[in-house]
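Inspection log for the structure reproduced underneath, given as structure tokens.
No value in this document is a laboratory result; all are computed from the given coordinates. All values derive from a computational prediction rather than experimental measurement. Ideal geometry is used to build each Cβ from the backbone, glycine not excepted, and the neighbour counts take in all protein chains shown.
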Amino acid sequence: MTVEGHSGNIRNWLKLVRAGGIGSTIFIRLLKQFGSVDAVLGANAAALVRVEGIGLKTAEEICRTRDKFDAEKEIALAEKLGVWIINIEDERYPVLLKKIFDPPPVLYIKGTLAKSDSLAVAIVGSRQCSHYGSEQASRFAHLLAGAGFTIVSGMARGIDSAAHSGALSANGRTFAVQGCGLAKIFPPENKQLFEKISQSGACISELPLEYEPLAENFPPRNRIIAGLSLATIVVEAMPRSGALITARAALENEREVMAVPGRIDSPLSKGSHSLIKQGAKLIESVEDVIEAFEYLQKDFKEYISQSTGKSIETAEKSLFDVSQLNLTEIEKKVFDCLDKEPVHIEQIISQSGLAAGKVNAALVSLRLKGIVKQLPGNYFVRK
């Protein structure tokens, strides 16, 4: 895969995005005003000040610094590291991320992106987590990844690392959004995890390859974690935790926020309990996550639309059409055992010839995808 994006000259995008005075919001405004990155690079200060949020000083700074970044050197290093770079106009750019208020104009990616990654959940929490927190993060990530969700987190110590590891243990996809360039690995002890994630998903950053993991880089990267995801699950968080910044970013961009409860006498529970008091959904099991996603049918419709290229209207009609959901062979086998009349799980196991564990995992996945409903007494029906 080449470093170049499909749309536009990535060299010029890198030059502009690294110019002084330009953040994500200003970049998008400039692009909208001038129509292309090349046009912005050719504009004088008088033209730039016509853009909302750009004064004369900022305009002059942009003109002075827009050719300073060594894009050729950056691209050569990216190729050496196996990193590819895309811009927001590239067809491969994550659809969910593009919808946030201030999407990154440029993304660095080590790994792969897939259309199925539109079905993603972020799992975040404290670096100094408890054994309970680590266990819950890993458990939720494992079950959700096994059901077809991409797990998004920040590869930090603690909850983030547990979430990535849980997803990988289910042979699922996972994204790590770094608060530094992809030539750096932070924390350094996660080098092996970084490599595993890049082989089973992607490591992602909006920062130049050799940017250090400075404290100011992490709040902005949290909006990317939230932006890549339909929902954010907070496992453990102190009152001023970065996980709460991610949760706020999710709420600001109209995404679902969920929280796992903890001990009432633990400082690590204060952030997640505060979110619950403010209306975040309390989750204790994957069943609770499934219930929360029942309120996100619009997002599922959009996901199906993105995956199939159909309109939202067509996607809505085919929401419960198994052919639209790219089911695994095991999921199809289990689904074929179901009808509009309740079927007991023992009958499904017997009829499918599959191991009980595989049937259970497939049923969780089918419920998450909205095409199967569980009834009392371990009975299941097609929706």
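What does the C-alpha gyration tensor say about the overall shape of region 320-382? Classify as rounded when a/c is under 1.5, otherwise prolate if a/b is larger than b/c, or oblate.
oblate
Using Cα pairs under 8 angstrom and six or more residues apart, how large is the relative contact order of the chain, in percent?
Relative contact order for the chain comes out at 12 percent.
Taking each full run of DSSP H in the chain as one helix, which ones are at least 20 Å long along their axis (Cα atoms) and have mean Kyte-Doolittle hydropathy of at least -0.5?
The qualifying helices are 131-146.
Considering the zone a paramagnetic label at residue 291 would reach in this model (a point 7 Å from Cα along the Cα-to-Cβ line), which residues of region 249-283 have amide N under 16 Å from it?
Correct set: 257-261, 276-277, 279-283.
Of the listed peptides 136-146, 36-46, what is their order by residue-averaged count of other C-beta atoms within 10 Å, with the highest listed first?
The packing order, highest mean first, is 136-146, 36-46.
For the chain, what is the mean residue ellipticity at 222 nm derived from helices alone (per DSSP H run of n ≥ 4: -39500 (n - 2.57); sum divided by total residues; nearest 500 deg cm²/dmol)?
Estimated from H runs of four or more residues: -13000 deg cm²/dmol.
What length, rounded to one decimal in nm, is gained on full extension from residue 32 through to residue 263, with 0.36 nm per residue of separation minus their alpha-carbon distance?
78.3 nm
Which residue fluctuates the most in the chain, going by a Gaussian network model with Cα springs under 10 Å, if the choices are 93, 132, 108?
Fluctuation is largest for 132.
Starting with the fewest neighbours, write out 123, 371 ranked by other beta-carbon atoms found within 10 Å of each beta-carbon.
371, 123
Once amide H atoms are built 1.01 Å from N in the peptide plane, which residues 5 or more positions from residue 253, or in another chain, come under 5 Å H to H?
Here the answer is none, since no amide H 5 or more places off falls under 5 Å of that of residue 253.
Pick from 65, 246, 174: which is most flexible by mean-square fluctuation in a GNM of the chain where alpha carbon atoms under 10 Å apart are linked?
Most flexible of the set in this elastic network: 65.
Structure shown: which of 115/369; 281/333; 68/110; 80/196; 99/281 lie over 21 Å apart, alpha-carbon to alpha-carbon?
In this structure, 281/333; 68/110; 99/281 lie more than 21 Å apart at Cα.
Using Cα pairs closer than 8 Å and at least 6 residues apart in sequence, work out the relative contact order for region 10-72, in percent.
49
Can you give me the long-range amide H partners of residue 152? Hydrogens built in the peptide plane at 1.01 Å from N, cutoff under 5 Å, separation of 5 or more residues or another chain.
Correct list: 121, 122, 123, 175.
How many nm is it between the label spots at residue 169 and residue 128, if each spot is 7 Å from the Cα in line with the beta carbon?
Going by the 7 Å Cα→Cβ label model, 2.5 nm.
With springs only between Cα atoms under 10 Å apart, run a GNM on the chain and tell me which of 340, 281, 373 wobbles the most.
340
What is the packing order of peptides 207-218, 11-22, taking the mean over residues of other C-beta atoms within 10 Å and listing the highest first?
Sorting 207-218, 11-22 by mean packing, highest first, produces 11-22, 207-218.
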